[in-house]
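See below for the structure under consideration.
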Amino acid sequence: MKIKNTFLILFLAATLSNSSAKGQGNDSDYNRLLQVPSQYTILKATEKINIDGKDDEKDWNKAPWTPVFTDIVTGAKPGTSREARCKMLWDKDFLYVFAEIKEKDIWASVQTHDLPVFRDNAFEMFIAPAGTTYNYMEFQINAFGTVCDLFMPRPYRNGGNGLVTWDIKGLQKAVHINGTLNDASDKDKSWNVELAIPFHSVQTGRNNNPAAGTIWRMNFSRVQWQLDTLNGNYFRKKDAATGRLLPEHYFVWSPQGLVNLHYPERWGYVLFADSVSTDNFLSRKEEKLKLLTWKYYYLQQQFKRRKGKYASGLKQLDKLYTGDADVTANRSHLKMYADGRQFLLEVFLPESDEIMSVNEEGEVHFDKQKDKGKL
């Protein structure tokens with residue numbers, strides 16, 4: 001699975017490739033990593049959901065759609081023929097996901113479980129029930145209904161490897177095709193994915209089944225390849241000069257800011273609720289404080305790439321990037337403890353009365369203020 005991951009060092013190296021003499025990088029590239037993630041309220045189902053790839057139950061009609069998925073880096077919208085979106089429901093046992101993927105040429109090739117489905121046009125889902133950056137799940141499915149699911153103890157950027165032997169036990173799935181699969185002689189409309197994910201299969205540690213008010217981190221992606229046809233069959237398009245496959249494109253629910261979905265801190269938030277909330281359920285101020293913490297995490301990685309060690313103070317990192325004023329304005333809430341080999345960032349979240357910490361391994365913890373003392 002490492003084949004599709006762009007590591008942080010490579011991204012930031014490219015970002016700073018045109019740095020000025022003062023070390024300032026391209027602010028717009030950094031700012032993409034500092035945008036508040038998306039939010040979605042999941043309605044509770046009141047009837048049995050039949051997993052058939054169709055959203056014809058009354059509850060599905062009430063469930064809100066996400067906005068159309070956008071470019072993974074910039075957040076730009078796709079053309080209307082490449083739109084994708086999803087919606088969710090829940091009950092005491094299952095999380096239900098329904099995805100609609102518009103497609104003029106519905107194609108798939110992988111038919112063996114746990115082979116890399118992302119090498120086809122695919123729908124992907126990422127789940128972090130604990131809301132942190134470790135111990136999360138990745139799920140991929142193509143138009144055949146072939147699944148690749150894996151457990152990530154930690155992100156690839158922090159030395160993690162996907163455990164493909166892990167499966168979503170008890171998963172119910174269905175694909176419905178509005179067109180014909182692997183027939184290049186016609187034009188198709190869309191394909192739908194419907195999933196019922198047992199909560200017991202994606203819980204880790206002490207996690208319990210969600211109740212109204214529970215918040216998870218999630219993201220969704222549409223993987224899209226450019227296609228060629230030969231003798232009525234589809235093939236992934238290659239560069240005419242090099243003969244190499246043209247890269248896939250990712251459209252996502254919550255933009256990542258870079259071509260890498262294994263940045264769990266960039267995923268959206270989902271709230272399990274009995275009814276739809278009309279307002280964002282998270283404090284924008286606290287989200288900006290979290291982003292401020294991640295800003296300095298990213299800059300520490302860049303500093304180490306340049307100097308061979310971590311910075312000992314925030315002012316050293318400010319020379320690399322001053323950045324989004326809306327994020328940086330709250331720096332008084334942030335503390336950093338560091339030497340050349342390790343660091344710990346801590347930020348106080350006043351509305352939650354919590355302290356969020358991030359270390360050099362990208363591991364996140366939340367502690368109540370009374371347990372940590374004042375910053």
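Quick look at the numbers
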quantity: Contour minus Cα-Cα distance for residue 165 and residue 274 (0.36 nm per residue); calculated: 35.8 nm
quantity: Within the stretch 38-272: Cβ-based charge dipole about Cα centre, in debye rounded to nearest 20 (Lys, Arg +1; Asp, Glu -1); calculated: 560
quantity: Per-residue [θ]222 nm for the chain (sum of -39500 (n - 2.57) over DSSP H runs n ≥ 4, rounded to 500); calculated: -4000 deg cm²/dmol
quantity: Hydrodynamic radius by Kirkwood, which averages 1/r over all alpha carbon pairs of the stretch 284-372, in angstrom; calculated: 13.1
quantity: Around residue 114: net Lys/Arg minus Asp/Glu count, Cβ-Cβ under 12 Å; calculated: -3
quantity: Full-stretch length increase - residue 77, residue 227 - with 0.36 nm per residue and alpha-carbon distance subtracted; calculated: 52.0 nm
quantity: Amide H contacts under 5 Å for residue 41, placed H, 5+ residues apart; calculated: 271
quantity: Radius of gyration and maximum dimension Dmax of the stretch 213-346, Cα, Å; calculated: 20.7, 64
quantity: Label zone at residue 312 (point 7 Å along Cα-to-Cβ), backbone N below 14 Å, the stretch 326-342; calculated: 337-342
quantity: Radius 14 Å from Cβ of residue 276, net charge of other residues (Lys, Arg +1; Asp, Glu -1); calculated: 0
quantity: Diffusion constant of the stretch 38-272 at 4 °C, which comes from Stokes-Einstein with the Kirkwood Cα-pair radius and 1.567 mPa s, µm²/s; calculated: 71
quantity: Using alpha-carbon coordinates, inclination of helix 284-307 to the longest axis of the chain, degrees; calculated: 80
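Read-outs: derived from the displayed coordinates by stated rules, not from any lab. Predicted model only: the values in this text are computed from it and were never measured. Cβ: placed from backbone, ideal geometry, glycine included. Neighbour counts: every protein chain shown.
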